[in-house]
């Protein structure tokens, strides 16, 4: 079950902002979205939110990545001089995987 989904294409060139400020403002928007999703109540049986992300120049070329890798992906798209960046974040309930004692010690 996917609880929330954000799919958005952001322009990378704005007339009143430099490239680094545009990327920073996009990152602020994404951080607000993630914080808002983390505040939502978890369904029964889940103990955390899992975020599945994709970043690329457009929907067709977007590649899967971790949440922490989104800024690097956006920077790579901007460096390739694309006019916009596509970001997709899917929030789904998840559970932590229990680590057994033997696996913890490398046995």
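Is it true that some residue in segment 57-67 is over 12 Å from residue 89 (Cα atoms) and either crowded, with 16+ Cβ neighbours inside 10 Å or at pLDDT below 90 (or both)?
yes
Yes or no, residue by residue, for (1) part of a loop (DSSP other than H, G, I, E, B); (2) out of contact with any strand residue (DSSP E or B) (no Cβ under 8 Å at 6 or more places or on another chain):
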site: 9; (1), (2): no, no
site: 31; (1), (2): no, yes
site: 35; (1), (2): no, yes
site: 42; (1), (2): yes, no
site: 50; (1), (2): no, no
site: 69; (1), (2): no, no
site: 81; (1), (2): yes, yes
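How many residues does segment 1-37 hold that are farther than 22 Å from residue 82 by Cβ, loosely packed, with under 14 Cβ neighbours inside 10 Å and in contact (Cβ under 8 Å) with a residue 12 or more places away in the chain?
3
Considering only segment 38-56, how many residues are under 12 Å from the mean Cα position of the chain (by Cα) and either under 23 Å from residue 75 (Cβ atoms) or surrounded by fewer than 11 Cβ atoms within 10 Å (Cβ to Cβ) (or both)?
Of the residues in segment 38-56, 6 are under 12 Å from the mean Cα position of the chain (by Cα) and either under 23 Å from residue 75 (Cβ atoms) or surrounded by fewer than 11 Cβ atoms within 10 Å (Cβ to Cβ) (or both).
From 92, 75, grab the single residue that is at pLDDT 90 or above, surrounded by 11 or more Cβ atoms within 10 Å (Cβ to Cβ) and in contact with a helix residue (DSSP H, G or I) (Cβ under 9 Å, 6 or more places away or on another chain).
The unique qualifying residue is 75.
Which one is modelled with the highest pLDDT among residues in segment 11-29 that are outside any helix (DSSP H, G or I) and out of contact with any strand residue (DSSP E or B) (no Cβ under 7 Å at 6 or more places or on another chain)?
Once the filter is applied, the top-ranked residue is 13.
The values are calculated or read from the model by the stated rules, or taken from the named source; none is laboratory data. Just so we're clear, the structure is a prediction, and the values are computed from it rather than from any experiment. Please note: Cβ atoms are built from the backbone with ideal geometry, for glycine as well, and neighbour counts cover all protein chains shown.
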